[in-house]
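The values are calculated or read from the model by the stated rules, or taken from the named source; none is laboratory data. All of these numbers come straight from a predicted model, not from anything done at the bench. No Cβ is skipped: glycine too gets one built from the backbone with ideal geometry, and neighbour counts run over all protein chains shown. Remember, those area values only see protein heavy atoms, side chains included, never the ligands or the DNA or RNA. Shrake-Rupley method; radii C 1.70, N 1.55, O 1.52, S 1.80 Å.
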Amino acid sequence: MSVEAITIIMVLITFGLYTGIGWWSRVKDTSSFYVAGQNVPTVANGAAIAADWMSAASFISMAGLVAFLGYDGTIYLMGWTGGYVLLALLLAPYLRKFGKFTVPDFIGDRFYSNSARTVAAIATIFISLTYISGQMRGVGIVFSRYLQVDIIIGVLIGMAIVGFFALLGGMKGITWTQATQYFVIIIAFLIPAIAISLQLTGNPVPQLALTGSDIVDRLTSIQVDLGMTEYMAPFTDLSMLNVFMITLALMAGTAGLPHVIVRFYTVKNVRAARWSAVWAIIFIALLYLTAPAVGAFAKYNLINTIADQPLEEVQNIEWVKKWETTGLLQFNDLNGDGIVNFSEGEAGNEVVIDGDIIVLSTPEVANLAPFIIALVATGGLAAALSTASGLLITMSSAVSHDIYYRIFNKEASERQRLRVGRITLLVALFIAAYVGINPPGFAGEVVALAFGLGAASLFPVILLGIFDKRMNKEGAIAGILTGLIFTLLMIGLILSESIFGTDGAILNSFFGINAQGVGVIGMALNFIVSFVVSRNTPEPPVEIQQLIENVRAPEIDSELEAAATTEDK
Amino acid sequence: MGEPEKVQSLDDKQNWYWKKNIKLITGLLIIWFLVGLGGGVLFAAPLNEVPFFGVTLSFWIAQQGAILVFILLILSYAIRMDKLDREYFEKKEQ
């Protein structure tokens, strides 16, 4: 059977599974729609958080990014997991205790202001839309390469599937579907990693093979022979300042991602929120510890397969042919010697590789069984679909709950709110599909923007809302606006060439910090401005101060209380 | 309008709980910073001279070690907070 046929069968089986689960856990009331009725077990919630968190970027792109950045790939590895520490320690337990549906809900109530609520809702929608277009692109790549269908049909199929689950199941449906998807994602990532690890290092545990074998040394020496930088040396692609700033921006930006925060509302109590976080980081780390190994293995195999080989032979390899037709892999024989000169980014390089194909092509480059190739495609789809469904629910609640219900129609019935939620979901789905089919030329920059804006706007405000009792409406709004405007302006100036089409960048960097890291400065300004403004304006009303006091007190836990009383007898 | 309302602040025991919580978070975040941004970025150059199995110490921290530490941080937070919760309720009867 061909790889394509096996892929279709596996995709159909997993989609059938997700559909069955979505149907089994479908819901009718708003609480289940948004927060799954708050009775999801911690392990399942942990797996769902992990699937929600690990997007197409984590599954498809990250190992490729690490393969090309080498040491500096840590910005993604540490940035995305380290941000999770901030979320688990600083935000999740308190937001759960606060007990509202969404991030804009927290911000609107805590700062007793509908303007703050609206700004937070808009930021949520913008960040989520940016993110979801990336997922749709991931779906499109998988379909166009493995099913050999047009990318448009690929995106439309993906859209129908995501929409079906989200409309039918709401948050409860997607929680169980996402938990299932996590296991598909991790199996699809680990099996090829184990196979290649065995092949290259003889060690069946890829996470250990990275350090326990000489693979990184071998990679470093072949890279140096080809005129590339040392794989293991720090700061060859980015300066230390930029690695520091980008890592921090990704950390704070990730901690402020609304679709992940909302996950912590789906658990029973604060204690369950803390343990969901533990499960989730373990599940996430399983993939994140493997990705740097996959990156190194894939780079090694790729260089060995194509570098300094006759161009004609390389172009006859089956997987090279198929990826060349997608346009994500290109050869230009610049010096006309008929040999592939591969020296990424340096002068005379003749290979253009889109990082997104590294993970997907790895099993083919390593000549693994067709079944494994199909598995990777299935995993990539699971990663994209699980994140997309979480994002859709988040956007739909930002519109139907935070804007429609809390601002425009306080009398709205549950049915009306559900209807608005579902309409929003459909609209968001069509926008996402459109962007997936016609990706803007600056897709990468838009993602930098989403994280930068998250770091500069949502993260500081939520943090101050919890930990600074004196923080008031005036301070929070001034802070968000400063952070947003500064970061938008800087990213616009630094990336003016690709966004506005100017001749060259208007600003090369902000004192050496590039567009991906500049959100950290926006975040610092947000903290400073909100502090200064809040101290010079009236303190928040009594009921708000009371609210903060209540969030700080331990949760009344009847079991523990009962245990304590019995012991005293 | 009646008397201006007063905020009912935390009692001594709740204050004790909150302070313990803050102290725990601060400690964990210091480790988070030192290992992740310290060991992986700020001290990358010196630690790159230290061999660690097949790679250098800073390379390992940047690509895998920091993530393992992050798991431990979140795990110890959950365990320590469970313990703090228990202590809080046991303290009540004293």
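A search for C-beta distances below 9 Å between a residue of the stretch A:154-168 that is modelled with pLDDT under 75 and any residue that is among the aliphatic types (A, V, I, L, M) and not in a helix (DSSP H, G or I), counting only pairs 6+ apart in sequence or on different chains, returns A:L168/A:V27. Total residues in the stretch A:410-421 satisfying the condition of being open to solvent by less than 40 Å² (accessible area, probe 1.4 Å) and either β-branched (V, I, T) or more than 27 Å from the chain's Cα centre (by Cα) (or both): the figure is 3. B:G40 satisfies every condition listed in (1) free of Cβ contacts under 8 Å to residues at least 40 places away in the same chain; (2) surrounded by fewer than 16 Cβ atoms within 10 Å (Cβ to Cβ) except (2). The residues on offer are B:L68, B:L10, B:L73, and the sole one that is open to solvent by 40 Å² or more (accessible area, probe 1.4 Å) and either at the interface with chain A (Cβ under 9 Å from one of its Cβ atoms) or in contact with an Asp or Glu (Cβ under 8 Å, 6 or more places away or on another chain) (or both) is B:L68. In the stretch A:19-137, counting only helices (runs of 4 or more DSSP H) that sit wholly within it, the ones holding 2 or more residues that are at pLDDT below 85 span A:30-35. For the structure I just gave you, tell me whether A:M490 is in contact with a strand residue (DSSP E or B) (Cβ under 7 Å, 6 or more places away or on another chain) and either under 15 Å from A:L453 (Cβ atoms) or part of a helix (DSSP H, G or I) (or both). Yes. Quick one: what pairs do we get from the stretch A:390-419, first residue over 14 Å from A:G108 (Cβ atoms), second in a helix (DSSP H, G or I) and among the basic types (K, R), C-beta under 8 Å, 6+ apart or different chains? Matching pairs, first to second residue: A:G390/A:R263; A:S396/A:R422; A:S400/A:R417. Hey, does the stretch A:236-258 have a residue that's at pLDDT below 90 and surrounded by fewer than 20 Cβ atoms within 10 Å (Cβ to Cβ)? Yes; the residues of the stretch A:236-258 include at least one that is at pLDDT below 90 and surrounded by fewer than 20 Cβ atoms within 10 Å (Cβ to Cβ).
Just to be sure before I move on: is A:T130 open to solvent by less than 30 Å² (accessible area, probe 1.4 Å), under 17 Å from the mean Cα position of the chain (by Cα) and away from chain B (no Cβ under 14 Å) in the structure I sent? Spelling it out, A:T130 is indeed open to solvent by less than 30 Å² (accessible area, probe 1.4 Å), under 17 Å from the mean Cα position of the chain (by Cα) and away from chain B (no Cβ under 14 Å). I'd like to check something: does the stretch B:3-21 contain any residue that is β-branched (V, I, T) and in a helix (DSSP H, G or I)? No, the conditions are met nowhere in the stretch B:3-21. Restricting attention to the stretch A:275-294, the residues that are under 28 Å from A:G70 (Cβ atoms), at the interface with another protein chain (Cβ under 7 Å from one of its Cβ atoms) and hydrophobic (A, V, I, L, M, F, W, C) total 4. Scanning the stretch A:442-480 for residues that are in a helix (DSSP H, G or I), modelled with pLDDT under 90, of a type in the set (A, V, I, L, M, F, W, C) and open to solvent by 50 Å² or more (accessible area, probe 1.4 Å) yields a single hit, A:V447.
The listed residues are B:E87, B:E49, and the only one of them that is part of a loop (DSSP other than H, G, I, E, B) and more than 7 Å from chain A (Cβ to nearest Cβ) turns out to be B:E49.
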